[in-house]
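The values are calculated or read from the model by the stated rules, or taken from the named source; none is laboratory data. Just so it is clear, the model here is predicted, and its values are computed rather than measured. Cβ placement follows ideal geometry from the backbone for every residue including glycine, while neighbour counts extend to all protein chains displayed.
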Amino acid sequence: MGIWGMPKAALLLICLLCLLCPAQTIRCYTDLEATQGASMECGMATGCVKIYRKALEFDPYDGKFIPPEKRGTDIDYFRGCFLISTPDICFDAKDGYSYCWCSTKDLCNSSPTALTSPPLLLLLLLLPTTLLL
């Protein structure tokens, strides 16, 4: 028997159910200017995508390195929703375009992060107690 006269398995199940969190949708920019007013929620199990061309790192005429402070700006071509939730990753293609996918936070901007929830703290406090009894 666990604490409060409950079987250990039932208490463990209750603690695990406390960890269930509602699924949240991801918000993605849908315009090139990346304005928050034009962003939209894409739905659950989706991600964001950004397609852009990076500023040149080397001078195309003489091949010399261009310091970051003297480079031009990146050129955005597309921002929007992506149908599949993928790990956060960027890929530089041979055609000069860069593709970034993101599903854990808003695309390349700040997003509220999940803090340790009270149910998780309860589980961390109760689990060792139930296993020892």
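A few notes on this one:
- Candidates L122, L132 - the one that is touching a helix residue (DSSP H, G or I) at 6+ places or on another chain (Cβ under 8 Å) and at pLDDT below 85: L122
- The residue of region 49-81 that is surrounded by the most Cβ atoms within 10 Å (Cβ to Cβ), among those that are touching a Cys at 6+ places or on another chain (Cβ under 8 Å) and more than 14 Å from S98 (Cα to Cα), is C81.
- When residues of region 88-110 are limited to those that are assigned to a loop (DSSP other than H, G, I, E, B) and surrounded by 12 or more Cβ atoms within 10 Å (Cβ to Cβ), the one modelled with the lowest pLDDT: N109
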